[in-house]
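To start, the structure under review is shown below, and the notes come after it.
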Amino acid sequence: RSFTSQTDGEARVTRVLREKFPRASAIRVVDISGGCGAMYEIHIESEDFREKRTVQQHQMVNQALSEEIKSMHGLRIFTSAPKL
């Protein structure tokens, strides 16, 4: 599979994250379960995370994906605020 084509699951998770984090400067979602949608790695850079602790940032992502998470086995989250 090429780097430009996303699985349906990756596209769905990306769409939800773009909706919930409109100020995100970067969102990358990778299905790390071989394409079956059981586990994802998510990288988000957003102004929404500035001044928040990592645990708070991850809670925001978990809350945004609360419906999608129900069908996942695992999730790796990496968050950051854009550099000033």
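The values are calculated or read from the model by the stated rules, or taken from the named source; none is laboratory data. Everything quoted here is computed from the prediction, not taken from an experiment. Methodologically, a virtual Cβ is constructed for each residue, glycine included, from the backbone with ideal geometry; neighbour enumeration extends over all protein chains shown. Only protein heavy atoms, including side chains, enter the accessible area calculation; ligands, DNA and RNA are left aside. Shrake-Rupley method; radii C 1.70, N 1.55, O 1.52, S 1.80 Å.
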Charge dipole (region 8-80, unit charges on Cβ, about Cα centre) - positive-most of Val16, Gln59, Ile77
Gln59
What is the dipole size for the chain, taken about its Cα centre, with +1 at each Lys and Arg Cβ and -1 at each Asp and Glu Cβ, in debye to the nearest 20?
160 debye
Length-normalised contact order of the chain in % [C-alpha pairs under 8 Å, at least 6 apart]:
30 percent
Loop-located chymotrypsin sites (Phe, Trp or Tyr not before Pro) in the chain whose Cβ has at most 11 other Cβ within 10 Å (DSSP):
Phe3
Carbon-plus-sulfur fraction of the accessible area of the chain, 1.4 Å probe, in percent?
50 percent
